[in-house]
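So that we are looking at the same thing, I have put the structure below in structure tokens.
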Amino acid sequence: MTPNELLLWLSARKAGSWSQFRGAVAHLDLASSTPEPEEDAGQHLHQRVRFNLERLGHIEFGAEESGEGWRVVPPTLALFHYDGRATGILCGARALPLLERIERAANELAFERVPHPDCPDVLRIHAPNSQILIDLAQQEGISCQADTPTVLLSHLPSVDSIKGWNRAPMPVAGNDWDVEQFVVERKTMKWRTITLQEANAPGVQGLFRITRFQRPQYFLREGRETIKLPGPVAKYYTLFRLRRRVLKYDRKERSLTLLAIFRPPLLTERGLILCSGFPPSVSNVRGRPTLTYRDIPEEVAGMTAEVLKQDLI
Amino acid sequence: MTKKNRMTPLFILAAIVAAPVVFWFVRRRAKPRAVKENTEAASATTSSGEVELETSPSEVPRPPESSVLVAEEEGAPAKLEELPSETPQPVDAAQSLDKPESNISLIQGDAAILDAAHVENNNSSVIEITEPSVMPEDDRPTEHQAAAAAVAGAEPETSQVYTTTVVLFPADNVRADETEEALARPEVKQSAELQAGPAGVQSEADICEEPDGAGTEENGPIAPSPQVSDDVPFLSPAETFAGHQETIAHDPPASGEPETQHVAAYTAMALTVSPPPEAGFAQVLSSEIGEPSEGDTGEGQHLYRPPPQRAPRQTPRPVTQSLSRSTSDLALDIRVQVRFDRFGFCEIRLLPERMAEMDNEVEVKTGGTELHLVAQEEWYQDLTFENIGDRLRRGLELKGLLADHRRARWLLTGRDIYILANQQRASGFVSTTRLVLGRSHVVLCAAELLPQVEAALKDAGCQGYTKLDQAHGIPSGWIGLRGVTPSIAVPLEPGIDAFYAVKPAPDIEIEFEGGVCLRNSIWLAGFPPRIKLLGDISAPVKVLIDGKEAVAAGDGSLVGDGYDQPGQHLVYCEGLSCSRSYSIEDPPDVWEEWPAYHFGQAEICGPRVHILPQAAGWRILSVPMSNPLLLGAEPGQIFRCSPRSVKNWKGFVPFDVVWALPAHPYICDKKTARIIQFAQTPLVLPGPKKHVLGWCAAILEASAKGLQIENASSDGTVLWKEYKKAARNLRRAAR
């Protein structure tokens, strides 16, 4: 089974449990898999595929409506407009007849199918303006989202809105925990291994990552509170408090570059990816894995920076 | 003549007279002793023979702590020699343990303890039962016991029969009180500790011996190494059950043992313990799980282990107990999986099996190591081990407790040859029983067996396969053979064929490969399975799909009219009892919209953002960062763009913007700063608005500064004047 077939399988099943997803991923053909950046190193294939499907807006995992499992997103044409040209990216559920219909309907437009490792082919349709694509989506009975990156990013809370996250104590005992503290010293930002006792010591502040069975949990100790929150949000909140900038925007190349350990939160990243339809490319800059998002308009870069409480470099 | 001198001849005379009597007496004593010695020797022989029978693949399991061999080797005859003649003596359990020469020590382990307790409670003689009595025809001992009795001669030792009885029917709960009482004694503990050990391990091995002469498990032959049969992990559920059947087959008759009360009672006790025959094999496993031993490390489970210094079990683990246990405990397999990457490098992993109702996550233990299993649909997460080569040889056992309190045990039986093939339920190659004609396999075999395996493969017509070694990811001591596709059926050797796995049978099978399988036998339309015929198809086989003759496609699969159309399909071979069915299902064409995330006034699902009605008036605007102060047509409609280090600000604004002003109109640079007009919307007459002063101040400040409108038109200038006038009036009114 290829990632394309996996998405067809998921679309036919519509929703399911995490175990069903893992079982389906186990059938994936690994021939095209590529190494992942350091932050994703050691991730199993099912994790890489899961994140790619999520980032590209095909499947939602662990959402309120889908319980602990996954649920397929209805087929949607995600539009973005730049330099007088509109592009639609096909996200969500796929079925062979649907794909055939869309391809036929886009016969007079530029239809693009680009394979990408560990995720389904990226399907894009280019048109002179957005209205053509909106009409096409309507004709084929699929949803359409105009100006997707902007709309998406505009509705995301910024990372400093941590009031909504759960207050939860850190584990105080246990042998299987790997405990690390996020340390920012001069130009160095890294995870430093500490003990559970040190993390729980009174007065200790900062971000802690506690991993058990390859599942990290992030706890932010600030003041008298300990908050459990997603890792990327916690990292960017810490950077915001320390006034560290990590987003580098190249206006000429229209690319946004950041270190792999600072991969943005899921929906923020989805907004960036839907500017092109492609997951970020991975490169090594001075020995450090770096992610580059392409075709990012400056406004979108600005919105991203605002959500992440960053200033662009 | 003194008195002394007078007595001397009398003594001599008396000695002469007494000599024959003494000689007769001594001889009379020596005779039974010799008989006893002979009997004991015969007993040992007989018992050994029984043990052999018990440890043979088709034989009876023994309880873990019944160390018959040890008991006999440690000089039971010598102990008997020191018994006080024929006179039966009541034996106290503690006493018997204090004195190793006592007859009780003939039987060791838990059985001995039980025996001691039993004797103590009954206060009856063991040794007085030295002769068999005539028993009813139906109650005669089993064949083995009869043979033992024959070897023992005219005096089959009770202890011998007793041992056999204990082996077959170790006491269970019926004697639990007695057992525990005996265990409570320190002497007994010591005894148990001393007696546990190799024999105990071996007794477990007995449990997991192969039930029949096939010598195979699901995935090939049992490794010939003696270690292979040394521990529980070699026991597959089926084998256990089969072994149990053997146990039943060798059970002694209900009252068929010696006429003595003691043995009869013991037999009766054993029969009382015997559970109903319908109990399943899983129960045997549950007993093992239920009593995890401290010394169980999970490493080298199949190897000999010295006697662990540990407390004795509170309850024995008799084999017969298995039959009375709950059937809810689970015994599952661990399969071997081999996956190749694009460079041909392989990775070997272990796949614990999963049943539909099992937990998604289970914490399991293998020895001292704790693992966390995360479920896939039909498997748990594949496990990788650094010493996978050892695992393959020695097996792996995982034990865990499910959320519903059922115990689960996963087992990989160690062996020297593994056959792996593609499987619908998992990717890569997964271990299977044996080679199948026409199917491509991967064979993993111990390096030392390679010549024999290759010879067998040659017989099976396998050609062109590639050898894989450590450079390809195969563990040390193993060789991999990839692309093994047999074409000739190979008959098995009589009896146990160690190379069963590499000798394909001629059976014809219908196989479905590839496609997109939605679940069970249902495939997605557009992605039907490839239908293949495996086995000996040298003779023409007519395959029909839905009653129409199938034809071979280019890739060797079989296709027929409409075989890939939605609906149910049946594939069968004409004249053979070989058929399979599958169905094709259309994909859905409607997917409902649903909210995955809620953020303020929007719901997000994939790329779709559904803005709630209360935020429906918001619209996207892009404005230069130089003019972040946005004003609407209605006084009070003011919006300040968030600061961004970009040229243009883009985002949602809650009204139709008419004017965009500099952030601080009054202190901006007049030469460069401008007012930007976005719309020609006329001023809306002020209603009862409260917060209009900000809107007024922005307009009046920009006006006071004398800022010009960047895209000014004649109408724009007029409009701006109207806005200015309204702002002035509103501010005045507000004062």
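The values are calculated or read from the model by the stated rules, or taken from the named source; none is laboratory data. Nothing here was measured: the structure is a model prediction, and the numbers come from that model. Using ideal geometry, Cβ is built from the backbone for each residue, glycine included, and neighbour counts are taken over all protein chains shown. With ligands, DNA and RNA removed, areas are computed over all heavy atoms of the protein, side chains included. Shrake-Rupley method; radii C 1.70, N 1.55, O 1.52, S 1.80 Å.
Could you run the Debye sum over the Cα atoms of region A:76-154, one equal point scatterer each and no solvent, and tell me log10 of I(q)/I(0) at q = 0.14, 0.15, 0.24 Å⁻¹, two decimals?
The Cα Debye sum returns log10 ratios of -0.42, -0.48, -1.22.
Determine the shape class of region A:166-228: with a ≥ b ≥ c the square roots of the Cα gyration tensor eigenvalues, call it rounded for a/c under 1.5, and otherwise prolate if a/b is greater than b/c, oblate otherwise. Walk me through the numbers on the way to the answer.
Details: a/c = 1.58, a/b = 1.13, b/c = 1.40.
Oblate.
Another question, if that's okay. Using a simple spin-label model with points 7 Å from Cα along the Cα→Cβ vector, what separation in nm is obtained for B:Phe385 and A:Arg245?
The two pseudo-label positions are separated by 5.4 nm.
So, one more: For a quick check of understanding: with a 1.4 angstrom probe and all protein chains in place, what accessible area in square angstrom does A:Met1 have, to the nearest ten?
50
Take the eigenvalues of the Cα gyration tensor for chain A, scale each by 5, and report the square roots as semi-axes in whole Å, largest first.
35, 23, 17
Could you give the length gained on full extension between A:Val285 and A:Gln131, defined as 0.36 nm per residue of separation minus the Cα-Cα distance, in nm?
Using 0.36 nm per residue and subtracting the Cα-Cα distance, I get 51.4 nm.
List, largest first, the extents of the alpha carbons of region B:510-585 along their principal axes, each in whole Å.
Result, largest extent first: 34, 22, 21 Å.
Rounded to the nearest Å, what's the spacing between the alpha carbon centres of region B:471-525 and region B:594-636? Just the number, please.
Rounded to whole Å, the Cα centres lie 60 Å apart.
Given A:Lys228/B:Lys399; A:Lys309/B:Lys671; B:Lys670/B:Lys721; A:Lys163/A:Lys228, which pairs have Cα atoms separated by over 21 Å?
Violating the 21 Å limit, Cα to Cα: A:Lys228/B:Lys399; A:Lys309/B:Lys671.
Could I have the simple spin-label model distance between B:Asp586 and A:Lys14, label points 7 Å from Cα toward Cβ, reported in nm to one decimal?
Roughly 1.5 nm, to one decimal.
Tell me the accessible surface of B:Ile16 in square angstrom (1.4 angstrom probe, heavy atoms of protein chains only), to the nearest ten.
Taking all protein chains as shown, B:Ile16 has close to 110 Å².
Stretched out fully, how many nm does the piece from B:Ser714 to B:Ser577 gain, at 0.36 nm a residue minus the Cα gap?
Full-extension gain reported as 40.0 nm.
I've got another one for you. For chain A, give the percent of accessible area contributed by carbon and sulfur heavy atoms, probe 1.4 Å, rounded to a whole number.
47
Expressed in nm to one decimal, what extension gain is obtained for the pair A:Ile313 and A:Arg212 from 0.36 nm per residue of sequence separation less their Cα-Cα distance? Let's see the in-between values first.
Working: separation 101, 0.36 × 101 = 36.36 nm, distance 3.54 nm.
Extra length available between A:Ile313 and A:Arg212 comes to 32.8 nm.
Can you give the convex hull volume per residue for the Cα atoms of region A:212-313, as a whole number of Å³? Spell out each step's value before the answer.
Values: hull volume 12.2 nm³, N = 102.
Measuring per residue, one finds 120 Å³ for the Cα hull of region A:212-313.
Can you pull out the GluC sites (Glu not before Pro) in region B:376-444 that DSSP calls coil and that have at most 14 other Cβ atoms within 10 Å?
When the GluC sites (Glu not before Pro) of region B:376-444 are filtered for loop state and at most 14 Cβ neighbours within 10 Å, B:Glu386 remain.
What percentage of all Cα-Cα pairs in region B:617-669 are separated by more than 13 Å?
Looking at region B:617-669, the distances longer than 13 Å represent 54 percent of pairs.
Using protein chains only and a probe of 1.4 angstrom, how many square angstrom of B:Arg339 are accessible, to the nearest 10?
About 40 Å², ignoring ligands and nucleic acids.
Take the Cα atoms of region B:330-502, build their convex hull, and give its volume per residue in Å³.
Considering the Cα atoms of region B:330-502, their hull volume per residue is 127 Å³.
I would also like to ask the following. Against the longest principal axis of chain A, how steep is helix A:130-140, in degrees 0 to 90 to the nearest 10, with axes from Cα atoms?
Helix A:130-140 sits at roughly 80 degrees to that axis.
Tell me whether region B:414-501 comes out rounded, prolate or oblate; compute the Cα gyration tensor, take square roots of the eigenvalues as a ≥ b ≥ c, and use a/c under 1.5 as the rounded threshold.
Cα axes put region B:414-501 in the rounded bin.
Then there's this: Using alpha-carbon pairs under 8 Å, 6+ residues apart, how would you state the relative contact order of chain A in percent?
Once normalised by length, the contact order is 17 percent.
Please work out the ratio of the alpha-carbon Rg of region A:248-307 to 2.2 N^0.38 Å and round it to two decimals.
Details: Rg = 10.6 Å, N = 60, 2.2 N^0.38 = 10.4 Å.
Scaled against compact globular proteins, the figure is 1.02.
For the pair A:Ile194 and B:Arg519, what calculated FRET efficiency results from E = 1/(1 + (r/R0)^6), where r is the Cβ-Cβ distance and R0 = 60 Å, to the nearest 0.05? Intermediate results must be reported in sequence, preceding the final value.
Working: r = 46 Å, r/R0 = 0.77.
E between B:Arg519 and A:Ile194, to the nearest 0.05, is 0.85.
Are there any trypsin sites (Lys or Arg not before Pro) in region B:650-706 that are in a DSSP loop and have at most 10 other Cβ atoms within 10 Å? List them by number. Don't skip to the answer; put the middle values down first.
Values: sites: B:Lys650, B:Lys670, B:Lys671, B:Arg674, B:Lys689, B:Lys690, B:Lys705; in loops: B:Lys670, B:Lys671, B:Lys689, B:Lys690.
For trypsin sites (Lys or Arg not before Pro) across region B:650-706 that sit outside H, G, I, E and B with at most 10 neighbouring Cβ atoms in 10 Å, the list reads B:Lys671, B:Lys690.
Separate question: Need one value for A:145-153: mean number of C-beta atoms belonging to other chains within 10 Å of its residues' C-beta atoms. Numbers along the way, then the final one.
Working: counts 7, 2, 3, 4, 2, 6, 9, 7, 3.
Shielding by partners across A:145-153 averages 5.
In addition: For region B:618-734, what value does the Rg/Rh ratio take when both radii are computed over Cα atoms and Rh is the Kirkwood radius, given to two decimals?
With Rh from the inverse mean 1/r over Cα pairs, Rg/Rh is 0.93.
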